[in-house]
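Shown below is the structure under consideration.
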Amino acid sequence: MSNVEIANGNELVAEAAIAAGCRFYAGYPITPSSEIPEHLSKRMPEVGGVFMQFEDEIASVIAAIGASYAGYKSMTATSGPGLSLKQEGIGLACMMELPLVVVDVMRGGPSTGLPTRVSQADYMQARWGTHGDHMIIAIAPSTLIETYTETIRAFNLAEKYRTPVLLLTDAVLAHLHGRVEIPDISNFEIIERTQPTVPPEEYYPYDVERFGIIPPLPNKENWRKYKFHMTGLNKDKTGFPTVDSKKVEEDEERMINKIMNNIKDIESFEYYRVDDADVLVIAYGTNATAARVAIDEARSKGIKVGMFRPITVWPFPEAQVFDLSKKFKKIIVSEINLGQMLYEVQRASKGNSEIFTVLQAAGVPIRPQQILEKIEEVSK
Amino acid sequence: MGLHYELRFVGIGGQGNMLAGTIIAEAAVYYENKYATQVPTYTSQVRGGPTKADVIISDEPIQFAEATHIDFLLALDQRTYDMYKKDLKEGAIVLVDSGLVNIPEEDHKKWDVYGYPIVKTAKYDIGNVVTANILAVGMTVELTGILDKENVKKAIADRVPPAFLDLNMKAYETGIEIAKKLKAEKGK
C-alpha cells in the first residue's frame, strides 16, 4: 500500500514526523526550513498535537526539550544560523538524555550566508556544534522518499537511545517538489521509549545499575505518575547534580557508549556498484544523487567506479571506510562545502588511499558532470 | 528509452514562474502517472529577484533533479534569460516575452525561438496581468506537446483560486491558440 503524491522535502519531513508519533513541534521559521512549521501549524491541531512558534531558536529548542521531558515525541526544525543557536539546547538534550529530533535544512554560510541556496556545510556543526564530550546521531537523506523514511528512523533512534538526533537535509531537498510514493504507515516499525514498571518511588531517570545502559523514560501517559529531576549539570542516577569524579566520568563515558555500543543498529549506508569498481566516490545527501548519475555515465564509458554513501553520517562509518581504503587506491570525496567529511575520510582511511575531491561552496548543487570529470581524471 | 523532458521557467519573483512549473509537474504526476520534479531557485527578495523553476518529466524515477540538458525554456525577463540559458540543448524550444527579452542573433541559430508579448496580452486581452504565467503554460503545452491539454486544465484548476478559474482558463486557451498560430507561421 502506498500513496502517490507530489510533495517537497519539507512537507515530507512534517508528514513523517506525524506518522512517527510526533505531537509537539516548536520552532522559529527560517528559510529554507519554513515549510516544515507551515505544514505542521496546520497538521498538528488535526492530530491533537501542539504547534508553537517561539520568539527565537533557543526558546523553541528548549520548549521541544521540555515537551520530551513531559513524555512527548518532539521536534524542532531550522537552518544553519538557527542550528548555531540551537546548539545550546542540543547539548542540554544530550546531557538530560532526552529524545529529540532536530531538523537542519542546510543552506550557505557562515552567518546568514545564502538563505535560499544549498550547502552541506553544517556537516561538522552537526557533530561538534555543542560543547563538551558527547556523541550525536545525524542522518542525511538523499531523496524525497528517504526524507520521509529517515525522519521516521530519526524519531525511532531518538526514543530508543534517549538522545537528540539531527536530520540533515538541504535547500535543494527541502524545496524539491516531486513524485513520491509514500508507503502505508503499517510498513514501519514505530519505536516508543521504554516505560518504567517499578513503583514510582523507586524510579530514577539514570539508574543504570538497575535498568541498564539506557534507563526507561516516562511517556506522556506515565509522566505525572513518575516524578523525577533532570538538569544540565553532570548528574548521578537520581538526576541531581554531582561533582563526584568517578560518577561524572562513568556517566560521560556511558552517554557515548550507549550509542557506540549499538552502532550496528544505528549505522546505515549504501554501497552502489562497488563490487568490481576501481575508483570509489564517497558522497551523502542530495549530492549523492549527482554522484549516482556521474557513476552511471562513467560506467557507460567503461570506467569501473562505485559509491559509498553514508546515510547515518554521525557516528561516521569509520570501520566501513577503513575497509574500503584497503581495497581502493583512489577515493573521491564529494560534498557541497569546502571539505568537512573529507577530514573523516582522511582519518578513517589511515593513508591507505589517495584522496581526491569534488567540493563546491557556490550555493548551487554540484553537477553530475563535475563528478564525472573527476572520475575520468583519476581513472587515467 | 522513455520520455525524459527538461523544462526551465525563468523570470522575476512575482511573475508566477514557480507556479507555472508546479502546474506542469503536477499535471504529469497526478493526471498522466509520470514521474516529475520541480526545483525552485530564488533569492531572498520576495518580489523582483531572479527566479528559476526546473521541471523534469520522465517515464522513470528522476535521479538528479536540476535541469542540465534543457529541452524547453520559458523566459519572462532579460536578466534571467541571460543567466540561465546556458544549459539549453541544441535545438531546444525557447519561448520569451518579446516585449521584455531580446534574443541575440546567435541564439536564434542554436534554438527554436518563439517570441510573443505574453505579459501585455495577459494584461490587456485577458484582463489581468497575473494570468501571464497561465497563458505561458498554455503556450508551453502547445509548443512542447508533452502533456495532454485537458490534463493540464485539471492541474490548473487544482492550483488557482476558484474565483479566478474562468479567467485563468481563458488565459490557458488563449495561450494554446497563440502558440498554434506561432507554429503555423514557422510552417510547423
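List for segment A:1-25: residues with 50 Å² or greater reduction in accessible area, all protein chains versus chain alone, probe 1.4 Å?
Listed in order, they are A:ILE6.
Moving to a separate point now. Tell me the Rg and the Dmax, in Å, that the Cα atoms of segment A:2-187 produce.
That works out to 14.7, 44 Å for Rg and Dmax.
A further question on this structure: Per the Debye formula with a single identical scatterer at each Cα and no solvent contribution, what log10 I(q)/I(0) holds for segment A:200-263 at q = 0.15, 0.22 Å⁻¹?
Ignoring solvent entirely, the Cα scatterers give -0.49, -0.97.
Given the -39500 (n - 2.57) contribution per DSSP H run of 4+ residues, what per-residue ellipticity at 222 nm results for the protein assembly as shown, rounded to the nearest 500 deg cm²/dmol?
-12000 deg cm²/dmol
Can you list residues from other chains, or at least 5 along the same chain, whose modelled amide H is less than 5 Å from the amide H of A:SER74?
Counting only residues 5 or more places away or on other chains, the set is A:VAL101.
Comparing A:PRO199, A:PRO81, A:PRO310, which has the greatest mean-square fluctuation in the GNM of chain A with Cα pairs linked when under 10 Å apart?
A:PRO199
Between the DSSP loop rule and a limit of at most 12 other Cβ atoms within 10 Å, which GluC sites (Glu not before Pro) in segment A:195-273 are left?
Listed in order of number, the matching sites are A:GLU221.
Another question, then. Could you run the Karplus curve 6.51 cos²θ - 1.76 cosθ + 1.60 with θ = phi - 60° over segment A:187-202 and give me ³J(HN,Hα) per residue in whole Hz, x for Gly and Pro?
7, 10, 7, 10, 9, 10, 4, 5, 9, x, 10, 6, x, x, 6, 9
What accessible area per residue, rounded to a whole number of Å², is obtained for chain B using a probe radius of 1.4 Å?
Per-residue value: 43 Å².
Let me have the relative contact order for chain B, percent, based on Cα pairs under 8 Å that are six or more residues apart.
Working: 379 pairs, mean separation 38.5, N = 188.
Over chain B, the number comes to 20 percent.
Where does each of A:TRP128, A:TRP314 land when they are ordered by accessible area, with a 1.4 Å probe and the largest first?
Largest to smallest exposure gives the sequence A:TRP128, A:TRP314.
Using a 1.4 Å probe on protein heavy atoms only, how many Å² of accessible area do A and B hide from each other, summed over both chains and rounded to 100?
Approximately 2000 Å² gets buried when A meets B.
Students sometimes get this wrong: rank B:VAL94, A:VAL208 by accessible area, probe 1.4 Å, all chains present, largest first.
Putting B:VAL94, A:VAL208 in descending order of accessible area: A:VAL208, B:VAL94.
May I ask you to give the percent of accessible area on the protein assembly as shown that is carbon plus sulfur, with a probe radius of 1.4 Å?
52
Hey, another quick one. Relative contact order, percent, of chain A when contacts are C-alpha pairs under 8 Å separated by at least 6 residues?
Once normalised by length, the contact order is 16 percent.
If contacts are Cα pairs under 8 angstrom and at least 6 residues apart, what is the relative contact order of segment A:124-186 in percent?
36
Let me ask something else. When the solvent-accessible surface of protein heavy atoms is calculated with a 1.4 angstrom probe, in what order do A:SER379, A:SER119 fall, highest first?
A:SER379, A:SER119
Which residues belonging to segment B:20-41 lose at least 40 Å² of 1.4 Å-probe accessible area when the assembly is complete, relative to their chain isolated?
B:VAL29, B:TYR30, B:TYR35, B:GLN38
Could you tell me the largest-minus-smallest coordinate of the C-alpha atoms of segment B:1-120 on each of the three principal axes, in descending order and whole angstroms?
The principal-axis extents, from largest down, are 36, 35, 23 Å.
Name the residues whose placed amide hydrogens come within less than 5 Å of the amide hydrogen of A:PHE356, ignoring near sequence neighbours (fewer than 5 apart) on the same chain.
For A:PHE356, the qualifying residues are A:ILE331, A:ILE332, A:VAL333.
Summing +1 for each Lys or Arg and -1 for each Asp or Glu, what net charge is found among the other residues whose Cβ lies under 12 Å from the Cβ of B:GLN78?
Its environment carries a net charge of -1.
In chain B, what percentage of the DSSP-assigned beta bridges are antiparallel, given to the nearest 5?
55
Which whole-Hz ³J(HN,Hα) couplings does segment A:163-170 yield from phi under the Karplus relation 6.51 cos²θ - 1.76 cosθ + 1.60, θ = phi - 60°, glycine and proline marked x?
So the J values, rounded to whole Hz, are 8, x, 10, 9, 10, 9, 10, 8.
Separate question: Only sites in a loop by DSSP and with at most 14 other Cβ atoms within 10 Å count here; which GluC sites (Glu not before Pro) in segment B:77-111 make the cut?
Working: sites: B:GLU90, B:GLU105, B:GLU106; in loops: none.
Of the GluC sites (Glu not before Pro), not one in the loops of segment B:77-111 has a Cβ with at most 14 other Cβ atoms within 10 Å.
Along the three principal axes, how long is segment A:135-220 when you take its alpha carbons, biggest first, rounded to the nearest angstrom?
Extents along the principal axes, in whole Å: 52, 30, 18.
List the equivalent ellipsoid semi-axes of chain A in whole Å, largest first, each obtained as the square root of 5λ for an eigenvalue λ of the Cα gyration tensor.
On the way: eigenvalues 257, 116, 67 Å².
In descending order, the three semi-axes are 36, 24, 18 Å.
May I pose another question? Per residue, how many Å² of accessible area does segment A:269-379 show with a 1.4 Å probe?
Values: 4240 Å² over 111 residues.
Result: 38 Å² per residue.
Something else about it: So in the protein assembly as shown, what percent of DSSP beta bridges are antiparallel if you round to the nearest 5?
Within the protein assembly as shown, antiparallel bridges account for around 40 percent of the total.
Tell me, what HN-Hα J-couplings in whole Hz come from the Karplus equation 6.51 cos²θ - 1.76 cosθ + 1.60 at θ = phi - 60° for each residue of segment B:72-82, using x for Gly and Pro?
9, 10, 10, 10, 10, 6, 5, 4, 6, 4, 5
The values are calculated or read from the model by the stated rules, or taken from the named source; none is laboratory data. All of these numbers come straight from a predicted model, not from anything done at the bench. Neighbour counts run over all protein chains shown; Cβ positions are idealised from the backbone, glycine included. Ligands, DNA and RNA are excluded from the accessible area calculation, which covers all protein heavy atoms including side chains. Shrake-Rupley method; radii C 1.70, N 1.55, O 1.52, S 1.80 Å.
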